[in-house]
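Q: Got a structure for you, questions after.
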Amino acid sequence: MQSSNSYHQIQRVCVFCGSNTGTDPNFRKAAEALGTEIARRRWGMVYGGGSIGLMGVVADAVLAANGEVFGVIPEMLATKELLHTGVTRMHIAPSMHARKALMEQSADAFVAMPGGFGTFEELLEIITWAQLGLHAKPIGILNVGGFYNSLIDFFEKAITTGFIKATHRQLFVTAASPGDLLDKIVTHEMPQVKKWIRPSEG
């Protein structure tokens, strides 16, 4: 639940997730729970516009709970097999770059679920944009069944070896359940960052 001391007023959350459902049934369950929880909080969802995989599962869950879903899909992927025809609003972007830019502009926070290369790329890019001071919106990693443990450990290695500033570890929060993650996102205080950093600062 949101507290009276919330740092962030969320109207829409952007969800990054896989176009497959994965081998663990808990991934699907978490996507369903996340979509239901987003709608319960009366937030809208922004996502990649697909009807398949976890993308489709989380969108369907938001819609089933009478929530709003804004899909943004690149023209190259806007086929009848992939495009979700039941969302509240769909925008067909001319490119992947335009898609990601509109998703960022349209959301007040970001959540990454389990996924593949595309999900990882979206997550790392949105963290990088925050690191550069291009936005100060909260970012959450839904670490279902420890899916992201190895990546988070790798981030820690990059910190200890001097490639990421220790304070930048606070650019994102993690949790294993959707409710806990959304609670953290609402109250998370993003670190102060500079738009440009000296090479020695990493």
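Q: Quick one: if you stick a label point 7 Å off each Cα along the C-beta vector at Ser106 and Lys194, how many nm between them?
A: In this crude spin-label approximation the distance works out to 3.6 nm.
Q: At what distance in nm do the modelled label points of Thr85 and Ala136 sit from each other, each positioned 7 Å from its Cα along Cα→Cβ?
A: 4.5 nm
Q: Say we join alpha carbon atoms closer than 10 Å with springs in a Gaussian network model of the chain; which of Gly86, Gly179, Gly50 then has the biggest fluctuation?
A: Maximum fluctuation in the GNM of the chain, among the listed residues, is at Gly86.
Q: Once each part is reduced to its C-alpha centroid, what is the distance from the stretch 124-201 to the stretch 1-76 in angstrom?
A: One Cα centre to the other: 20 Å.
Q: Do you know the Lys pair count in the stretch 12-201 for C-alpha distances under 23 Å, with sequence separation 8 or more or different chains?
A: Taking the stretch 12-201 as the scope, the lysine pair count is 14.
Q: Given labels modelled 7 Å from the Cα in the Cβ direction, how far is it in nm from Arg40 to Ala78?
A: For the pair Arg40/Ala78, the computed spacing is 3.5 nm.
Readers should treat all values here as calculations from the given coordinates under stated rules, not as data from a laboratory. Since the structure is predicted, the reported quantities are computational estimates derived from the model, not experimental observations. Quick reminder, even Gly has a Cβ in these numbers, built from the backbone with ideal geometry, and neighbours come from all protein chains shown.
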